[in-house]
Amino acid sequence: MSVFFNPGVIFVCFIFFTFIAILVYKLKIINKELSTLISILSSYNKSNLLYRFQELNQAMSENKFVSDYWDEFKNTLIFGDKMAFKDKNNFSFDSISKETASVCCISDSSYYFNEETLIYRVLNHKLISAIPGILTGLGPLGTFLYIAIGFSGVDFSSEETTVKSITHLLSNMEIAAAISIIAISSALLFIIIERILYYFMCQKPLN
């Protein structure tokens with residue numbers, strides 16, 4: 001068991017838990033912002049959206065999480081609370097009921113509010129995607145480092161030093177193998193944890 005308390009093994013474990021902490025911290029921020037966004041939007045529906053639009057606009061504009069994308073999306077909206085009637089010569093406009101009044105957009109809202117704009121820009125998706133590769137890479141790095149250290153101490157000058165150096169080499173080989181196993185296992189574990197947390201804290205509320 002002493003092999004698992006080796007500095008190399010501890011370093012790999014430290015990197016793993018540091019990445020997990022960063023992931024959880026980022027996902028909590030995103031989840032909080034999405035929950036706030038859902039609470040804002042949940043009080044609006046088709047029948048009251050047009051007449052409460054200023055209220056919605058203020059809430060979305062003050063929300064730094066989506067304010068930039070909201071300003072762009074707002075420019076695609078068309079407001080309709082009147083209907084045109086035509087007689088023989090002229091057009092006239094009459095107000096229509098609240099049930100018929102509407103707000104329409106000329107562009108798909110998912111172009112402005114999607115996984116890329118609401119999640120990836122906060123999460124730093126490229127870094128998160130690279131973490132399993134970083135953890136896996138620590139395995140061969142630690143393995144070759146400890147093998148090199150083991151071979152550097154080999155001494156065949158006498159029987160006693162030969163036995164000691166071989167024992168030292170085998171000890172380093174054991175540590176090298178442990179580092180590889182832990183590094184690869186931590187990479188796989190990170191992928192599993194990241195996928196589960198991402199689904200429940202980001203993807204599900206986003207949908």
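Values computed for the structure shown
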| quantity | calculated |
| --- | --- |
| Among Ser158, Met173, Tyr199 - extreme Cα towards positive end, dipole of the chain, charges at beta-carbon | Tyr199 |
| 22 Å tail of the calculated P(r), the stretch 93-207, as % of Cα pairs | 62 |
| Solvent-accessible ranking of Phe16, Phe11, largest area first, probe 1.4 Å | Phe11, Phe16 |
| Magnitude of the charge dipole, the stretch 25-68, Cβ model with Lys/Arg +1 and Asp/Glu -1, debye to 20 | 180 |
| Extension gain, Ile149 back to Glu115 (0.36 nm per residue minus Cα-Cα distance, nm) | 7.6 nm |
| Inter-centroid distance (Cα atoms) of the stretch 9-24 relative to the stretch 47-72, Å | 39 |
| Binned Cα-Cα distances of the chain, short to long, each 10 Å bin given as a whole percent | 7, 22, 18, 15, 12, 10, 7, 5, 3, 1, 1, 0 |
| Where labels lie 7 Å past Cα in the beta-carbon direction, separation of Cys105 and Thr76 in nm | 0.5 |
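The values are calculated or read from the model by the stated rules, or taken from the named source; none is laboratory data. Remember, it's a predicted structure, so these values are computed and weren't measured experimentally. Here the Cβ is made from the backbone with ideal geometry for all residues, glycine too, and neighbour counts use every protein chain on show. Ligands, DNA and RNA are stripped out before the accessible areas are found, and what is left, the full protein with its side chains, is counted by its heavy atoms. Shrake-Rupley method; radii C 1.70, N 1.55, O 1.52, S 1.80 Å.
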